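To start, the structure itself, in structure tokens.
The values are calculated or read from the model by the stated rules, or taken from the named source; none is laboratory data. Predicted model, so just to flag it, every value in this text is computed and none were measured. We place every Cβ from the backbone using ideal geometry, glycine too, and count neighbours over all the protein chains shown. Side chains are part of the model used for accessible areas, which takes the heavy atoms of the whole protein and leaves out ligands, DNA and RNA. Shrake-Rupley method; radii C 1.70, N 1.55, O 1.52, S 1.80 Å.
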Amino acid sequence: MEGIIIKGIAGFYYVRTSEGVLECKARGIFRKNNITPMVGDRVTVIATPEGNTLDKIHERSSELMRPFVANISQAYVVFALRNPDINVELLNKFLVYLEMKHIEPVLVFNKSDLATEEEMTNIREDFKGTGYPIYFIEAKSGLGLDDLYAQLRNHITVLCGPSGAGKSTLLNKLSGNETMETGDISVRLNRGKHTTRHSELIEINDALLVDTPGFSTMDFTMEAEELKNYFPEFYEYEGECRFNGCNHNREPGCRVKAEVGKTISEARYNYYVKYYNELVEENKRKW
Ligand SMILES: Nc1nc2c(ncn2[C@@H]2O[C@H](COP(=O)(O)OP(=O)(O)OP(=O)(O)O)[C@@H](O)[C@H]2O)c(=O)[nH]1
Ligand SMILES: [Mg+2]
Ligand SMILES: [Zn+2]
């Protein structure tokens, strides 16, 4: 039988299948080959004399380490407009990370009750060129959640963002609607019981959602030349710079630079250059 691992605790895996959630053990061969089943894994379960057994793990489309979840296809990147204030650099760095992992970001700015129209307009401008969906919401009162709810469909979605942004509030609101419809999910929402170490997929309709603890730093690296691949607003101009392999920094005849202030926002471009230079320095030190 096929299913998705929604939770793993103490050597047991809980697999959502068409016949309900099955408690399974993994085959010994996985441990021998150093394969750890992940929440989010699509698996085949077989019945053995010892009980339900994970027999096969299907190929993963993505793997995240924090949270430790496979096959995430979309991330709701939740930042509060205020309290805490937006750390723009952290936000941009996280977007780069998601691009590296081939996970589609959705920008969710929460606590719209604490911000002005002008602030929201400016943020919209800053990220316009990325093509990422942008939502301004008020998770606490449930304002503006309809589109987010609809966009969960057919995805495994991760909620990520700094501590205090309102991720858990959002998750409760999104699943709360469903609780009223099916009366089934609230039982699994007692967060805090197994917080950071056991990621758990929450079912909302036919979609799956995973909450994460807030982060305040991101730790990953790459070659500086790689960075440009993770800025979707640059893609359109690929091959149009004077120099092959242009890094859109100090090179003359750079098509990307010519777009800054037009289709590419200054904020995003400045962040690109800053991060690019940091990576150059970082990689120099390595040698
Ligand atoms: N003003 C305002 N406050 C909100 C809103 N949504 C959530 N909050 C508050 O923000 C605080 C943090 O919310 P959480 O949902 O716990 O934040 P979190 O992102 O899950 O934080 P971590 O679990 O620490 O990563 C709580 O006090 C919420 O009541 C909102 O729309 N407006
Ligand atoms: Mg939380
Ligand atoms: Zn260029």
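Overview of values
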quantity	calculated
Segment 22-27 - phi-based ³J(HN,Hα) in whole Hz, Karplus 6.51/-1.76/1.60, Gly and Pro as x	9, 8, 10, 9, 8, 5
Residue-wise HN-Hα coupling along segment 140-145, computed from phi with Karplus coefficients 6.51, -1.76, 1.60 (Hz; x: Gly, Pro)	4, 9, x, 6, x, 8
Kirkwood hydrodynamic radius of segment 2-57, from inverse mean 1/r over distinct Cα pairs, in Å	10.9
Förster radius 35 Å - calculated FRET efficiency between Tyr132 and Glu19, Cβ distance, rounded to 0.05	0.40
Nearest-0.05 FRET efficiency for Met120 and Phe215, computed from C-beta distance (R0 22 Å)	0.40
In nm, spacing of pseudo-spin labels at Asp85 and Asn270 (7 Å Cα→C-beta vector)	1.4
Accessible-area composition of the chain, carbon plus sulfur, in percent [1.4 Å probe]	48
Cα-centre dipole for the chain with unit charges at Cβ (Lys and Arg positive, Asp and Glu negative), debye to 20	940
Rg to Rh quotient for the chain, alpha carbon positions, Kirkwood Rh	1.02
Amide proton proximity set for Val69, modelled H, under 5 Å, gap of 5+	Leu64
Loop-located GluC sites (Glu not before Pro) in segment 201-232 whose Cβ has at most 13 other Cβ within 10 Å (DSSP)	Glu223
Segment 224-285: translational diffusion in µm²/s, Stokes-Einstein, Kirkwood Rh over Cα pairs, 10 °C, 1.306 mPa s	134
Net length gained if the chain between Ala150 and Arg250 were fully extended (0.36 nm per residue, minus Cα distance)	31.7 nm
Residue-normalised accessible area of the chain, expressed per residue, 1.4 Å probe, Å²	52
Per-selection metrics, segment 26-168 (Cα): Rg and Dmax in Å	18.7, 64
